[in-house]
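The values are calculated or read from the model by the stated rules, or taken from the named source; none is laboratory data. All values derive from a computational prediction rather than experimental measurement. Cβ sites come from the backbone with ideal geometry, for glycine too, and all protein chains shown count toward neighbours. Only protein heavy atoms, including side chains, enter the accessible area calculation; ligands, DNA and RNA are left aside. Shrake-Rupley method; radii C 1.70, N 1.55, O 1.52, S 1.80 Å.
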Amino acid sequence: MNNKQIKIVDYYDKLAPTYDDNRFNNTYGRFIDTEERCVLDRLLTRQEDKVLEIACGTGRLLNYAGYGIDASEKMLAIARRKFSDKDLRQSLGQRTPFADAEFDTIYSFHLMMHLKREEISNIIREVHRILKPGGRFIFDIPSSHRRKLFGHTRRDDWHGNTALRPADVTRLSRGLFSRVSTTGILFLPVHRLPASWRKSMVRFDLAMASGPMKVLSSYLIFELAKI
């Protein structure tokens, strides 16, 4: 691992014991979790034989997959306690321990935003290698359109610093994947809504994030198909 990767792993190793409570045991975190599950419930409707989650963390979304990888062994230790029946391994997404054409579907959430475009490109190539022909790759990334609209400025650190447009994803995956669908989540400024409103606003937010202005959502979720 390079210095940046070591820094990221160390960050999540330290965060692991409190990650679930701090990130998702509150109205904002539950809002995100509900919307992501709604999208996965819609996209993972086929009877896939083998599904892999990249950056599975503590296993929040592992009920959708039989396999998972994460760079943080301490996050994986928590995931293994939750899902003793899953095949979980410590690995970076840019170089996995799996054979060519092994998986039907691969998904990844809250990873790409921490990586540079070159690193994202490397993951896309590795995912292409281990997916079966026609297999799908589902992942999220902050919307560059949204960040420009609200004057978001890049920071010097790695955390959540990368955003893309749909055209950027097409460019990064050209020759490897076709783009099947794009949807958004967190169209509304949920962090500004009263906590008591958030649960009731999920359906409206998802409707807005799936409509003509979806690129203005906070996050975009891409579904790619291996060429």
With 26 Å as the limit, write out which pairs from Lys4/Lys86; Lys86/Lys132; Lys4/Lys74 have Cα-Cα distances beyond it, or answer none.
Lys4/Lys86
Among DSSP beta bridges lying fully in the stretch 65-222, give the percent that are antiparallel, nearest 5.
45
If you roll a 1.4 Å probe over the heavy atoms of the protein chains, what accessible area per residue do you get for the stretch 100-191, in Å²?
43
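Carbon-plus-sulfur fraction of the accessible area of the chain, 1.4 Å probe, in percent?
Details: 5920 of 11230 Å².
Solvent-exposed carbon and sulfur of the chain make up 53 percent of the total.
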Spread of Cα-to-Cα distances over 10 Å intervals beginning at zero, given as percent, for the chain:
8, 33, 40, 19, 1
Just flag the trypsin sites (Lys or Arg not before Pro) in the stretch 144-227 sitting in loop per DSSP whose Cβ has no more than 12 other Cβ atoms within 10 Å.
Arg154, Arg155, Arg174
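Is the shape of the stretch 36-137 best called rounded, prolate or oblate, per the rule: a/c under 1.5 gives rounded, else a/b larger than b/c gives prolate, else oblate, with a ≥ b ≥ c the square roots of the Cα gyration tensor eigenvalues?
Rounded is the answer for the stretch 36-137, as its axis ratio a/c remains below 1.5.
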Anchor Lys214: lysines whose Cα lies under 26 Å away (excluding residues fewer than 8 positions away in-chain)
Lys116, Lys148, Lys199, Lys226
Under a plain spin-label model, where a point goes 7 Å from the Cα along Cα-to-Cβ, how far apart in nm are Val215 and Ala77?
4.5
Expected unfolding gain across Arg95-Arg154 under the 0.36 nm per residue rule, minus the alpha-carbon gap, is 18.5 nm
Three-way shape call for the stretch 153-207 based on the alpha-carbon gyration tensor, with the a/c threshold at 1.5
oblate
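From the helices alone, meaning DSSP H stretches of at least four residues, give me the mean residue ellipticity at 222 nm for the chain, per-run term -39500 (n - 2.57), in deg cm²/dmol to the nearest 500.
Numbers: 9 runs with 85 residues, N = 227.
That comes out to -11000 deg cm²/dmol.
Taking only C-alpha pairs under 8 Å that are 6+ residues apart, what is the relative contact order of the chain in percent?
Numbers: 383 pairs, mean separation 43.5, N = 227.
Relative contact order, the chain: 19 percent.
With a cut-off of at most 16 other beta carbons within 10 Å, and DSSP calling the residue loop, which trypsin sites (Lys or Arg not before Pro) in the stretch 1-98 qualify? Please list them. Before the final figure, lay out each step's value.
Details: sites: Lys4, Lys7, Lys14, Arg23, Arg30, Arg37, Arg42, Arg46, Lys50, Arg60, Lys74, Arg80, Arg81, Lys82, Lys86, Arg89, Arg95; in loops: Arg46, Lys50, Arg60, Lys86.
Answer in residue order: Arg46.
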What shape does the stretch 1-56 take by its C-alpha gyration tensor, where a ≥ b ≥ c are the square roots of the eigenvalues and a/c under 1.5 counts as rounded, a/b above b/c as prolate, and the rest as oblate?
oblate
Which distance in nm do the two modelled labels at Ser178 and Arg192 give, with both placed 7 Å along the Cα-to-Cβ direction?
4.0
